[in-house]
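S.K.: I have a structure I would like to understand better, so I am pasting it below and will then ask my questions one at a time.
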Amino acid sequence: MTEKQNGCKVVKFGGSSLADAGQFEKVKSIITAEAARRYVVPSAPGKRFSADTKITDMLYTCQKLAAEEKDFSETLAAIRTRYLEIAKALQLSFDPSDELDIIAARLKEGATKDYAASRGEYLNGMLLADYLQFPFVDAAEVIRFNENGTLQMTETMALLRNKLKDMPCAVIPGFYGAGANGEVITFSRGGSDITGSLVARAVRADIYENWTDVSGVLVADPRIVKNAAVINTITYEELRELSYMGATVLHEDAIFPVRAAGIPINIRNTNEPSAPGTLIVAGDSADSDAQTGYTITGIAGKKGFCAINIQKAMMNAELGFCRKVLTVLEELGISFEHMPSGIDTMSIILSEDSIKGKEKTVLSKIRQAVNPDACDIEHGISLLAVVGRGMCRTRGTAARIFAALAHARINVKMIDQGSSELNIIIGLLDGDFEESIRRIYDMFVNSVVEEVIEEQNS
């Protein structure tokens, strides 16, 4: 495939979009509504209701029980029922029973976790291909991983392009591929987004549509801010920052393949297909604040961090001080997130999980390495990111952020801003996390909405 195909869209559907037969019908309506939607990447069936269990989680359970030489037939029967219900309701010619028998046999033989988890997408892909009457392409044939489990981009692109060059349409299941020996390997959870991105790059799509259960990327977590506004346009760089800090609409690694090819991503809602969603574009293609009307683009964050606080007089004059401290962390296999510092103080922000069980060792080795006046670990820290291309062009943005927090009597533990001025990272106590997001949202979004309403009424 040497030339970009005109009118070509790759469409990926998440687990909630393919949870049952009714959702399959919505998906087919979306695909058939535009002839350009020719390459489809499905996830495994997700939850049909809040108390339901995702197929992928059920498959993990089967593999775990099989590895422990325990009976997994009950869980596999529940999986079988889900797929058979979909096939029957849609009157498909494809019967998943034989494939499920193969999966059961492989599990008894000691199949890996990756193999087990991948079968959710594999079977859903076969069902959807039958329903759409599209060719089915097993992702294990076209997505290639290195021995260390990392994606082999060059070979993957070659395999995908060779396979799809004579296929005007196809269904390629997401989430998995294979190593050179054919053993199935999966991406991390949510990795179907990456598959869609790879297919979009391979076929040189005009756009990559990622269909989910929300009408785009939201300015803030709707579990914290009710009726959070949708971001109309966002850059790859902004979304990367938000994804890293906890925004979960799109897998953060799905950005790279399409960004390199200049292919925009459109986040859409399967249950509200008329909504335009969020368009993700290159930085030089968007003026986010002009598109949204807000100085900031989004707010995201997560809990579960701690700080190693180090104090020593004349620290700044001691050659190699920082290197010695970071060498201790490197030798213990601990990575860090941020490192704010002063003349005689420095703090290292890292995840609680990375240091769990190593606290005493870390402190002891740091004391041996740099002989600090004081050194301790502070737990219960959250990180919050305020992201937006408009911030660097708007005076007083930081002042407004911290004024909003100050008015709520919220203490800031750390401030970090990158040279691009794309985001401001704030460290605070876990107990202040949700209220901080609400206060910043009020300052930059609700206040703008109120001003617009006042202007309209005046």
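The values are calculated or read from the model by the stated rules, or taken from the named source; none is laboratory data. Nothing here was measured: the structure is a model prediction, and the numbers come from that model. Cβ atoms come from the backbone with ideal geometry, glycine included; neighbour counts cover every protein chain shown. Accessible surface is based on the protein model in full, side chains and every heavy atom, while ligands, DNA and RNA are left aside. Shrake-Rupley method; radii C 1.70, N 1.55, O 1.52, S 1.80 Å.
S.K.: Would you check if there is a residue in segment 72-90 being within 25 Å of the chain's Cα centre (by Cα) and at pLDDT 95 or above?
M.R.: Checking segment 72-90: not a single residue is within 25 Å of the chain's Cα centre (by Cα) and at pLDDT 95 or above.
S.K.: Tally up the residues in segment 96-125 that are outside any helix (DSSP H, G or I) and not aliphatic (A, V, I, L, M), please. Walk me through it before giving the result.
M.R.: First, the residues of segment 96-125 that are outside any helix (DSSP H, G or I): 96, 109-112.
Adding the requirement that they be not aliphatic (A, V, I, L, M) leaves 96, 109-110, 112.
Result for segment 96-125: 4.
S.K.: Would you mind finding the one in Ala205, Ala228, Ala200 that is part of a loop (DSSP other than H, G, I, E, B), open to solvent by less than 10 Å² (accessible area, probe 1.4 Å) and in contact (Cβ under 8 Å) with a residue 24 or more places away in the chain?
M.R.: Within the list Ala205, Ala228, Ala200, the selection yields Ala205.
S.K.: Something else: Identify, by number, the condition in (1) open to solvent by less than 10 Å² (accessible area, probe 1.4 Å); (2) in contact with a helix residue (DSSP H, G or I) (Cβ under 7 Å, 6 or more places away or on another chain) that Ala89 doesn't meet.
M.R.: Ala89 satisfies every listed condition except (1).
S.K.: If we keep just the residues of segment 160-197 that are small (Gly, Ala, Ser) and in a loop (DSSP other than H, G, I, E, B), which is nearest to Ala229 (Cα to Cα)?
M.R.: This residue is Gly190.
S.K.: What do you reckon, is Ile263 over 29 Å from Pro168 (Cα atoms) and over 17 Å from the mean Cα position of the chain (by Cα)?
M.R.: no
S.K.: So, one more: Taking only segment 161-186 into account, find how many residues are in contact (Cβ under 8 Å) with a residue 12 or more places away in the chain, closer than 20 Å to Ala205 by Cα and out of contact with any Gly (no Cβ under 8 Å at 6 or more places or on another chain).
M.R.: Result for segment 161-186: 8.
S.K.: Which pairs do you get when a residue that is more than 27 Å from Gly301 (Cα to Cα) and aromatic (Phe, Trp, Tyr), found in segment 320-338, comes within reach of a residue that is modelled with pLDDT of 95 or more and assigned to a loop (DSSP other than H, G, I, E, B), reach meaning Cβ atoms under 8 angstrom, with the pair 6+ apart or on two chains?
M.R.: Phe321/Lys312
S.K.: Only one of these conditions is not met by Pro264: (1) in contact with a Leu (Cβ under 8 Å, 6 or more places away or on another chain); (2) in contact (Cβ under 8 Å) with a residue 60 or more places away in the chain; (3) over 26 Å from Ala19 (Cβ atoms). Which number is it?
M.R.: The failed condition is (2).
S.K.: Any idea which of Arg409, Arg389 is open to solvent by 50 Å² or more (accessible area, probe 1.4 Å), more than 29 Å from the chain's Cα centre (by Cα) and either farther than 17 Å from Asn309 by Cβ or small (Gly, Ala, Ser) (or both)?
M.R.: From the options Arg409, Arg389, the qualifying one is Arg409.
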